[in-house]
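Colleague: Just dropping this structure here.
The values are calculated or read from the model by the stated rules, or taken from the named source; none is laboratory data. Because the structure is predicted, anything quoted here is derived from the model rather than measured. Here the Cβ positions follow ideal geometry from the backbone for every residue, glycine too, while neighbour counts run over all protein chains shown.
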């Protein structure tokens with residue numbers, strides 16, 4: 001089975017004084033994820049860039065590790 005890496009950006013907003021996770025987007029490669037983060041950081045309260053690695057046919061997740069909406 002072939003492993004695959006996806007690159008993501010996660011934006012955050014400030015709502016009622018709290019930092020809240022918002023949209024998560026997938027990108028084709030690390031460079032595009034970093035470029036998107038630079039643009040998003042100018043208008044969002046925060047941006048995280050991360051990658052996930054796994055086997056698509058085996059590794060199913062409803063949401064990325066470490067991020068949850070409250």
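Colleague: Within the set of pairs 6 or more residues apart or between chains, which connect a residue that is at negative phi and surrounded by 14 or more Cβ atoms within 10 Å (Cβ to Cβ) inside region 35-46 to a residue that is part of a loop (DSSP other than H, G, I, E, B) and at pLDDT 95 or above with Cβ atoms less than 9 Å apart?
Modeller: Listed pairs, sorted by first residue: none to list.
Colleague: What residue, of 68, 57, is exposed (fewer than 12 other Cβ atoms within 10 Å of the Cβ), part of a loop (DSSP other than H, G, I, E, B), under 13 Å from the mean Cα position of the chain (by Cα) and at pLDDT below 95?
Modeller: It is 68.
Colleague: Restricting attention to region 1-34, report how many residues are outside any strand (DSSP E or B) and more than 13 Å from the chain's Cα centre (by Cα).
Modeller: In the first step, residues of region 1-34 are kept if they are outside any strand (DSSP E or B); the result is 1-3, 16-17, 28-34.
Next cut, more than 13 Å from the chain's Cα centre (by Cα) only: 1-3, 16-17, 31.
Residues flagged as outside any strand (DSSP E or B) and more than 13 Å from the chain's Cα centre (by Cα) within region 1-34 amount to 6.
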